[in-house]
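Each remark here refers to the structure printed beneath this line.
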Amino acid sequence: MSLVARHLEENGIPTVVLGCARDIVEYAGVARFLFTNFPLGNPCGKPFDVTMQREIVEMALRMLETVEKPGTTIQTPYVWGEDESWKRKIFTKEQPFLAGEAYDHWMKAKAKYRELKQSGKV
């Protein structure tokens, strides 16, 4: 997504990237980045919290109007929970989200990608 945003910016189309992986998106060098310190996959707010989601999208649209300096990051004021214990559950060495069936699926996808890459299709 970040690379697409950079390409669009280089061709005169302003962009805002909404994301949760601050280090990755900033490293990619996007022009405007709205960072939400939430678990990956939730850059627009908590599921079913329409008010929060609307406010985050409005912040992103305001960035298009106001941010002129490339490489600008703005952080939303929202928090996922009362504390940051959710980070301990997600960022573990064990990666529990890649266990059992999920792990098998991930390994099959990696093998398929390697095949496509070797055949020149990727």
Please compute the net charge surrounding V30, taking Lys and Arg as +1 and Asp and Glu as -1 over other residues with Cβ under 13 Å from its Cβ. 0
What residue among Y103, Y27, Y78 shows peak mean-square fluctuation when the chain is described by a Gaussian network model with Cα springs under 10 Å? Y103
Convex hull over the alpha-carbon atoms of segment 34-88: what's its volume per residue in Å³? 90 Å³
By how many nm would the segment from R54 to T73 grow when fully extended, if each residue of separation counts as 0.36 nm and the alpha-carbon distance is taken off? 4.9 nm
Evaluate the Debye formula for the chain with equal point scatterers sitting on the alpha carbons, no solvent, and hand back log10 of I(q)/I(0) at q = 0.11, 0.12 Å⁻¹, in q order, two decimals. -0.53, -0.62
Cα-projected label distance for N37 with K87, points at 7 Å along beta-carbon direction, nm: 0.7 nm
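Read the figures in this text as sums done on the coordinates, not as results from a lab. These numbers come from a predicted model, not from an experiment. Neighbour counts are summed over all protein chains in view; Cβ atoms, including those assigned to glycine, are modelled from backbone coordinates with ideal geometry.
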